[in-house]
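The values are calculated or read from the model by the stated rules, or taken from the named source; none is laboratory data. Please read all numbers here as calculations on a predicted model, not as lab measurements. We place every Cβ from the backbone using ideal geometry, glycine too, and count neighbours over all the protein chains shown. All accessible areas refer to the heavy atoms of the entire protein, side chains included, with ligands and DNA or RNA removed. Shrake-Rupley method; radii C 1.70, N 1.55, O 1.52, S 1.80 Å.
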Amino acid sequence: MMDVKGKKVLVVGLGKSGLAAALFLRRRGASVTVSDVRSAEALADQIPALLEEGIAVETGGHGLLTFRRQDLIVVSPGVPVDTPELAQVRTFGLPVLGELELAARFLKGKVLAITGSNGKTTTTTLVGEILKAAGLPTLVGGNIGVPVIALIEDSKPETWSVLEVSSFQLETTQEFHPAIAVILNITPDHLDRHGTFENYAKAKERIFARQGGEDFLVLNADDARAGEAAARSKAPVYWFSRKHEVEQGAFAAHGEIRFRCAAGEAAETILQLATIPLKGDHNVENVLGAVCAARLAGCDAEAIRRTVESFKAVEHRLEFVSTINDVEFYNDSKATNVDATEKAIAAFPGGIPLILGGKDKNSDY
């Protein structure tokens with residue numbers, strides 16, 4: 001655990017995680033400044049709470065001197081790591097941490113971290129519910145809406161923190177060390193930020209960079225780029241597959257989801273495929289990833305089965321809205337890349353009037 005008392009700390013970016021980080025550091029005795037490119041008017045809701053805590057606020061751009069006068073810089077996930085200010089302070093040897101990395105240094109207990117281009121939120125939510133149903137003390141946060149730093153106060157040595165982590169969060173990690181890491185899939189996304197698909201994939205792989213022989217890495221055997229990561233893992237690899245049996249991990253076969261603990265062992269039946277309440281093959285993959293991670297965390301098959309069978313689609317993810325004039329409406333507004341949209345369309349037999357909009361992230365349409 002790092003000591004920040006008396007240290008000068010700059011928090012760059014005032015999103016949800018930046019605000020949480022600034023307040024956390026101030027309450028631990030750091031002298032905190034927050035810097036954001038947005039105007040004071042745009043940040044009017046957050047600024048009073050910061051000033052009340054004695055946190056200095058810089059708006060409308062980043063002052064180079066502000067960056068140089070610090071002992072530590074904490075970067076919010078939405079801030080690109082190659083901004084000129086951050087590039088320059090690195091040449092001075094100033095430590096630059098992301099909110100995830102900062103929080104991980106204070107978090108007690110074990111971490112189960114989940115990443116992927118698609119399915120992160122559904123799988124993270126499902127895993128959290130399974131662990132709770134199995135009686136394990138569980139916290140859920142990360143890219144799912146609750147900053148990791150907000151979990152610290154409630155974490156204990158026996159706690160499992162189930163975290164959804166994005167490529168933006170992972171690219172600034174150094175010592176982040178999940179006991180169980182899951183990569184659901186790696187398909188092109190955020191190329192406007194990472195530049196190339198390979199840069200993006202390497203950011204995802206940082207989820208297991210600090211793992212060792214006592215940890216577990218869970219990979220999708222049906223996803224070519226995710227599968228490549230196995231060769232670089234120091235942790236034992238467990239697989240999940242919708243298409244074929246795996247040596248160790250979770251797979252679909254004969255209308256069932258099964259789990260095999262180790263190569264050569266008999267596989268146990270966890271649940272029937274027909275009882276999964278979520279639409280689409282991609283959600284079968286999400287369930288398989290969740291089953292594998294939950295078994296490795298020590299959850300029993302019955303707790304997994306009960307939780308999966310009663311699980312409701314997460315908001316904005318192929319979420320049923322209503323039937324109007326015999327037309328079913330689904331909200332899939334979290335499909336923010338081409339692959340996610342393709343998988344959503346594939347979940348229906350046909351006859352889909354598709355309503356699309358959003359931001360082009362240099363993906364291939």
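Below, the figures for the structure above:
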| quantity | calculated |
| --- | --- |
| Subset of segment 256-282 (residues that are more than 30 Å from residue 350 (Cα to Cα), hydrophobic (A, V, I, L, M, F, W, C) and open to solvent by less than 50 Å² (accessible area, probe 1.4 Å)) | 259, 262, 267, 270 |
| Breaking point among (1) free of Cβ contacts under 8 Å to residues at least 24 places away in the same chain; (2) of a type outside the set (Gly, Ala, Ser); (3) not in a helix (DSSP H, G or I), for residue 202 | (3) |
| Some residue of segment 218-233 being touching a Gly at 6+ places or on another chain (Cβ under 8 Å) and among the charged types (D, E, K, R) | no |
| Qualifying position, being in a helix (DSSP H, G or I) and charged (D, E, K, R), among 285, 247 | 285 |
| One residue from 97, 86, 64, 112 being open to solvent by less than 30 Å² (accessible area, probe 1.4 Å) and at pLDDT below 90 | 86 |
| Residue among 290, 252, 231, 267 that alone is touching a strand residue (DSSP E or B) at 6+ places or on another chain (Cβ under 9 Å) and under 20 Å from residue 208 (Cα atoms) | 290 |
| Among (1) open to solvent by 50 Å² or more (accessible area, probe 1.4 Å); (2) among the polar types (S, T, N, Q); (3) out of contact with any Lys or Arg (no Cβ under 6 Å at 6 or more places or on another chain) - the single one residue 31 does not satisfy | (3) |
| Residue within segment 283-298 that is touching a residue at least 24 places away in the same chain (Cβ under 8 Å), polar (S, T, N, Q) and open to solvent by less than 30 Å² (accessible area, probe 1.4 Å) present | yes |
| Test: residue in segment 242-256 that is within 19 Å of residue 120 (Cα to Cα), under 19 Å from the mean Cα position of the chain (by Cα) and either at pLDDT 95 or above or not aliphatic (A, V, I, L, M) (or both) | no |
| Residue, most open to solvent (accessible area, probe 1.4 Å), within segment 202-220, restricted to residues that are of a type in the set (A, V, I, L, M) and touching a Ser or Thr at 6+ places or on another chain (Cβ under 9 Å) | 209 |
| Matching entry among 25, 10, 19 (being in a helix (DSSP H, G or I) and at pLDDT 95 or above) | 25 |
| Selection count where residues are touching a strand residue (DSSP E or B) at 6+ places or on another chain (Cβ under 8 Å) and either surrounded by fewer than 20 Cβ atoms within 10 Å (Cβ to Cβ) or assigned to a loop (DSSP other than H, G, I, E, B) (or both), scope segment 151-175 | 9 |
